[in-house]
There are 2 protein chains.
Amino acid sequence: MKKPLILVTNDDGINAAGIRNLAEIMSEMGEVVVVAPDQPRSGQGHAITIETPIKYQKLNSNPGYPVYTCNGTPVDSVKIAKNRILPRHPDLLVSGINHGSNSSINIIYSATVAAVLEGAMAGIPSIGFSLLDYSPFANFDHARPFVKKVAAKVLEEGLPEGTAINVNFPPPKDKPYKGLKVCRQAKGQWEEDFEVRTDPRKSEYFWLKGIFNNMDAAATDTDEHALKNNYVSLVPIQFDFTAHHMINELKSWENDT
Amino acid sequence: MKKPLILVTNDDGINAAGIRNLAEIMSEMGEVVVVAPDQPRSGQGHAITIETPIKYQKLNSNPGYPVYTCNGTPVDSVKIAKNRILPRHPDLLVSGINHGSNSSINIIYSATVAAVLEGAMAGIPSIGFSLLDYSPFANFDHARPFVKKVAAKVLEEGLPEGTAINVNFPPPKDKPYKGLKVCRQAKGQWEEDFEVRTDPRKSEYFWLKGIFNNMDAAATDTDEHALKNNYVSLVPIQFDFTAHHMINELKSWENDT
């Protein structure tokens, strides 16, 4: 049987430990091609590069699989991989392992998850992986067996059209994770705050920062709850933004306007 | 009664005709504050600026309402408006009028719509408006009465928690639009293609382009169908990405992994 073709990308950029770990694990499961941004592109959401041109190159490295970088976003990287690099339609796309959480509402800002949705839009079974540790030296040891098992499941069973998978890992501790929980995205909100500074020319500038509020703290079926209890969270996601439950309710507006 | 406070933003940047039209219409309905990117930021999705600092300034213009620009994305503009500029929680956020379509899957790349979702996340009733005409000289005349009516409806009735509204206008023709249709987002896909060029130093670069495919062409309940038939499309949208229908199906994975 032919080995599955696996596209690996991320948003922390090609030099992050997370993508090295992910590509290593995937190379035990199939034929890996890495295509990732040449620099960190966290918080870029589903951005694409349209005002400037895109370049990409194959790195002169030899980890046992080809590695390409691109000057665009994670979503651009998926588009370039599909159209210019991969020899055929891939069997799997994995994105990450992100250094930092993509649970709850973080998903909407996440370019790690955007790459996953872009893969799903192209009909590729796609999974995002994120570890709740921002450190560039984060330890992925407890996460590795779960990455492998979830990827094997998706390779085996596929995913329904229009859907993908978002996996988050609790911060690494001494003890391993308790298991996997299938969850929904918790309701949450960033209470942002801008740190004001003054540049040498006396002009004010602002750094975006904030505090995350879990607005679903009482619920037990959310990703936030699973992660807090040392479970790996798995949220099935989709790219249909329609609030279907509102359509009938709004139908009366057709006459009023 | 106090006039409603209306935040106006866009992704085509402060100099676009679309935002001037939108701010003008809104100034007939309430107290307007414009906060928008200082340059075009189309296709930026839900990107936020975290690797570089943000600056904003009040313009020395006098259209009858204050106008601020920001060097960040549309989502940054909403965050800056909320935290640094607006005197109180706004009653309405409107984004656009975009020069170009945000129907079907375009919504996921759209920073016009991302600003709307960011507003909804902050509890502000929020509406995005887009015209299916990319021209900087597009004619918004047929759109204007619908903008006003939909905004009035939202100001009057509010929107359910976690939801917002995405409105698209057909390309302007001689005859006015037939009316408003409440729809779902059509299934669609960009079949992208990269145009290859060679720079003066003999290095290849690529421009992202593509063709949109409506994969829901037989359906009559979609935004694409409404727009094709000269109706204004209104799609209720949400920022919960969870594919709720898959949760039960995936529960068995909890034991298998």
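The values are calculated or read from the model by the stated rules, or taken from the named source; none is laboratory data. All values reported here derive from a predicted model rather than from experimental measurement. Using ideal geometry, Cβ is built from the backbone for each residue, glycine included, and neighbour counts are taken over all protein chains shown.
Scanning segment A:63-81 for residues that are touching an Asp or Glu at 6+ places or on another chain (Cβ under 8 Å) and charged (D, E, K, R) yields one hit, A:K79. Picking from residues in segment A:121-159 that are free of Cβ contacts under 8 Å to residues at least 60 places away in the same chain and under 21 Å from A:I14 (Cβ atoms), the one that is farthest from the other protein chains (Cβ to nearest Cβ) is A:N139. State whether the residues of segment A:195-207 include one that is more than 29 Å from A:L93 (Cβ to Cβ), crowded, with 22+ Cβ neighbours inside 10 Å and facing chain B (nearest Cβ under 9 Å). Within segment A:195-207 (the criterion being more than 29 Å from A:L93 (Cβ to Cβ), crowded, with 22+ Cβ neighbours inside 10 Å and facing chain B (nearest Cβ under 9 Å)), the answer is yes, since at least one residue qualifies. Would a scan of segment A:168-176 turn up a residue that is within 11 Å of chain B (Cβ to nearest Cβ) and out of contact with any helix residue (DSSP H, G or I) (no Cβ under 6 Å at 6 or more places or on another chain)? No, segment A:168-176 has no match at all. The condition of being crowded, with 16+ Cβ neighbours inside 10 Å, among the hydroxyl-bearing types (S, T, Y), out of contact with any Pro (no Cβ under 9 Å at 6 or more places or on another chain) and under 22 Å from A:I107 (Cα atoms) does not hold for A:T163. When you look at B:T49, is it at negative phi and without any contact (Cβ under 8 Å) to a residue 40 or more places away in the chain, yes or no? When the stated conditions are applied, B:T49 passes them.
Report whether or not A:T222 is facing chain B (nearest Cβ under 8 Å) and not aliphatic (A, V, I, L, M). No; evaluated as a whole, the condition is false for this residue. Of the listed requirements (1) at the interface with chain A (Cβ under 9 Å from one of its Cβ atoms); (2) crowded, with 18+ Cβ neighbours inside 10 Å, B:E249 misses just one: (2).
Of all residue pairs spaced 6 or more apart or on separate chains, those with beta-carbon atoms under 7 Å, a first member in segment B:229-257 that is farther than 26 Å from B:H46 by Cα and a second member that is β-branched (V, I, T) and outside any loop (DSSP other than H, G, I, E, B) are B:L250/A:V182; B:K251/A:V182; B:W253/A:V182; B:E254/A:V182; B:T257/A:V150. Yes or no: B:R88 more than 23 Å from A:F239 (Cβ to Cβ), part of a loop (DSSP other than H, G, I, E, B) and at pLDDT 95 or above? Considered against the rule, which asks whether it is more than 23 Å from A:F239 (Cβ to Cβ), part of a loop (DSSP other than H, G, I, E, B) and at pLDDT 95 or above, B:R88 comes out as yes. Among the residues of segment B:35-77, those that are more than 7 Å from chain A (Cβ to nearest Cβ), buried (at least 24 other Cβ atoms within 10 Å of the Cβ), in a loop (DSSP other than H, G, I, E, B) and not polar (S, T, N, Q) comprise B:R41, B:G72. Every listed requirement among (1) modelled with pLDDT under 95; (2) surrounded by 16 or more Cβ atoms within 10 Å (Cβ to Cβ); (3) not β-branched (V, I, T) is met by B:K173 save one, (2).
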